[in-house]
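Only one structure is covered here, and it is reproduced in the block below.
The values are calculated or read from the model by the stated rules, or taken from the named source; none is laboratory data. The structure displayed is predicted, hence computed values, not measured ones. Cβ sites come from the backbone with ideal geometry, for glycine too, and all protein chains shown count toward neighbours. Surface areas here come from the heavy atoms of the whole protein model, side chains and all, with no ligands, DNA or RNA. Shrake-Rupley method; radii C 1.70, N 1.55, O 1.52, S 1.80 Å.
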Amino acid sequence: MKHKVTFLPHKITVEAETDETIMEAALANGIELEHNCGGNCCCTTCHVIVREGETHLSAMEEEEADRLEECADLTPTSRLGCQVKIRGDVMIEIPERDPFRLDGLEELENFGEELLRSD
């Protein structure tokens with residue numbers, strides 16, 4: 001079954017299959033959605049905000065909830081695009097990202113300090 005997914009701020013509506021993830025729907029339709037970990041729930045770069053149709057999405061699993069706690073600009077309807085499955089019509093906002101923020105990339109957190117210690 002096909003469902004309508006509207007992506008903001010682009011104001012683009014696409015069709016997605018049942019149980020397709022938000023990330024899969026975006027990428028299949030040429031909509032840029034960062035996904036540094038390749039969709040493995042290891043970062044938060046695919047963070048999206050559900051604006052309408054939250055009940056038409058899969059329930060949040062514990063792994064996604066844990067990862068979202070690390071997300072900057074968290075909202076009550078935040079989800080990870082790589083984890084949430086589409087089960088009806090929804091409206092999704094892709095928040096503007098600060099290019100200097102490294103959300104979900106904890107391994108880079110102390111990178112500069114490690115360089116200084118590598119004498």
The range 84-106 residues that are modelled with pLDDT under 95, paired with ones that are of a type in the set (S, T, Y) (beta carbon under 7 Å, 6 or more apart): D103/T44; D103/T45; G104/T44; G104/T45
Since E34 meets every condition but one in (1) outside any loop (DSSP other than H, G, I, E, B); (2) under 17 Å from P95 (Cβ atoms), which condition does it not meet? (1)
Test each condition in (1) of a type outside the set (D, E, K, R); (2) out of contact with any helix residue (DSSP H, G or I) (no Cβ under 7 Å at 6 or more places or on another chain); (3) surrounded by 19 or more Cβ atoms within 10 Å (Cβ to Cβ) for I49 and report the one that comes out false. (3)
In the set A25, A65, A16, the lone residue that is more than 17 Å from H3 (Cα to Cα) and outside any loop (DSSP other than H, G, I, E, B) is A65
Using beta carbons and a limit of 7 Å, which pairs, at least six apart or on different chains, have the first residue in the range 10-29 and closer than 17 Å to E93 by Cβ and the second one in a helix (DSSP H, G or I) and open to solvent by less than 70 Å² (accessible area, probe 1.4 Å)? V14/A25; A16/A25
Looking at the range 7-26, which of its residues are surrounded by 16 or more Cβ atoms within 10 Å (Cβ to Cβ) and either of a type in the set (D, E, K, R) or within 28 Å of D66 (Cβ to Cβ) (or both)? F7, A16, E20, T21, I22, M23, E24, A25, A26
